[in-house]
Structure formats: structure tokens, C-alpha cells
Amino acid sequence: MSPIRSAAVIFAVLAAGAVQAQNFLGTPGGARVYPINDNVFEVVGNSGYGYDLWWCGASEYARRVLGAGWGTPVTIARSLGTSQATGRRSSVQFTLNPAALGIDKVTSYSPNALVVGDTKTVQTGNMSCPRLNVPLRFR
């Protein structure tokens with residue numbers, strides 16, 4: 001490959017990464033939230049914060065970016081796994097439209113299980129946000 005073509009390929013990859021990096025919402029606890037498609041968004045962060053990080057990020061994104069009301073249900077579309085947006089190891093995907101994805105809503109009895117279909121309202125998810133202000137070592 002010629003040096004010019006190599007540089008063009010590298011620039012294209014960096015530009016795509018820069019566009020993706022601008023297309024996120026930062027949330028308490030340092031999570032970043034990325035749109036995946038019309039029905040799915042992904043919360044990416046440090047799994048050391050547990051379920052609070054994922055639910056806070058999902059509720060913040062649903063409310064601030066998607067315009068969801070406090071009573072709008074938010075559902076886990078994919079449990080903890082590798083990020084589709086960034087490649088990081090810790091991410092959870094959510095949806096406001098589980099029916100479009102063929103997901104049945106469930107209520108998990110373990111708040112940290114992050115089960116596909118687990119559903120909370122934006123308001124209930126938002127209750128996780130204040131707990132993220134406590135330093136990790138004291139949790």
C-alpha cells in the first residue's frame with residue numbers, strides 16, 4: 001500500500017473515531033452513552049460501580065437525549081458485555097422499545113443481575129445517580 005493511501009486509511013479511521021467520540025453523553029460515575037440504532041443505546045463504563053452506573057446512564061440518556069418522561073420504561077436489551085460502540089469490555093445496552101426487539105419485560109429480583117428484559121422507569125433508574133458520587137472505595 002502506498003504511503004499516501006496508508007495515510008488516507010489512517011485518517012479515515014481516526015475521523016470515524018472522532019465522530020463516534022462526539023456522539024455520546026457523559027453521565028455521573030464517568031459512564032458514556034452511545035446510540036447504537038433507532039431502538040438501542042449503550043452505556044459504557046467501569047463495571048466496578050455495579051448496577052448504579054448502568055441504570056443511571058440509561059435514565060440520563062433516555063431523559064436528556066431521547067426526551068423520555070420520568071415514567072417512561074427503560075429495558076435492558078443486552079446484558080453486560082463488550083461495547084459495540086467502543087470495544088471496551090464493560091457495557092450494557094438499553095431500549096425504550098423492547099417490543100421492536102422482541103424482548104419481554106421482566107422484573108429481576110437481583111438489582112445487580114442486569115438481566116435482558118429487566119425494566120425500570122426513568123425515575124427509578126435515576127435514583128442510582130446520587131450513589132455514584134460516593135467514592136468507589138467507600139461503597
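The values are calculated or read from the model by the stated rules, or taken from the named source; none is laboratory data. Everything numeric here is computed off the predicted structure, so don't read it as measured data. All Cβ positions, glycine included, derive from the backbone under ideal geometry; neighbour counts span all protein chains shown. Surface areas here come from the heavy atoms of the whole protein model, side chains and all, with no ligands, DNA or RNA. Shrake-Rupley method; radii C 1.70, N 1.55, O 1.52, S 1.80 Å.
Name the single residue, out of those in region 89-98 being in contact with a strand residue (DSSP E or B) (Cβ under 7 Å, 6 or more places away or on another chain) and within 14 Å of Glu42 (Cβ to Cβ), that is modelled with the lowest pLDDT. Steps first, please.
Going residue by residue through region 89-98, those that are in contact with a strand residue (DSSP E or B) (Cβ under 7 Å, 6 or more places away or on another chain) are 90-96, 98.
If we keep only those that are within 14 Å of Glu42 (Cβ to Cβ) too, we end up with 90-96.
On the way: Ser90: 90, Ser91: 94, Val92: 95, Gln93: 97, Phe94: 97, Thr95: 97, Leu96: 97.
Looking at the filtered set, the residue picked out is Ser90.
If you check Thr86, Thr107, Thr82, which single one turns out to be free of Cβ contacts under 8 Å to residues at least 24 places away in the same chain, within 12 Å of the chain's Cα centre (by Cα) and open to solvent by 20 Å² or more (accessible area, probe 1.4 Å)? It would help to see each step written out before you state the result.
Numbers: Thr86 fails: free of Cβ contacts under 8 Å to residues at least 24 places away in the same chain; Thr107 fails: within 12 Å of the chain's Cα centre (by Cα).
Checking each option against the conditions leaves just Thr82.
A quick yes/no check of all residues on (1) at pLDDT 95 or above; (2) outside any loop (DSSP other than H, G, I, E, B); (3) under 16 Å from Lys120 (Cα atoms); (4) among the basic types (Lys, Arg):
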position: Arg63; (1), (2), (3), (4): no, yes, yes, yes
position: Trp70; (1), (2), (3), (4): yes, no, yes, no
position: Ala77; (1), (2), (3), (4): yes, yes, yes, no
position: Gly87; (1), (2), (3), (4): no, no, no, no
position: Ser108; (1), (2), (3), (4): no, no, yes, no
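Kindly indicate whether Lys120 is open to solvent by 60 Å² or more (accessible area, probe 1.4 Å) and either in contact with a strand residue (DSSP E or B) (Cβ under 6 Å, 6 or more places away or on another chain) or at pLDDT below 95 (or both).
No: the conditions fail for Lys120.
Any chance region 4-20 includes a residue that's basic (Lys, Arg) and either modelled with pLDDT of 80 or more or part of a loop (DSSP other than H, G, I, E, B) (or both)?
No.
Here are the criteria: (1) modelled with pLDDT of 90 or more; (2) open to solvent by 60 Å² or more (accessible area, probe 1.4 Å); (3) under 13 Å from Ser59 (Cα atoms). Tell me which single one Leu101 does not satisfy.
All conditions are met except number (3).
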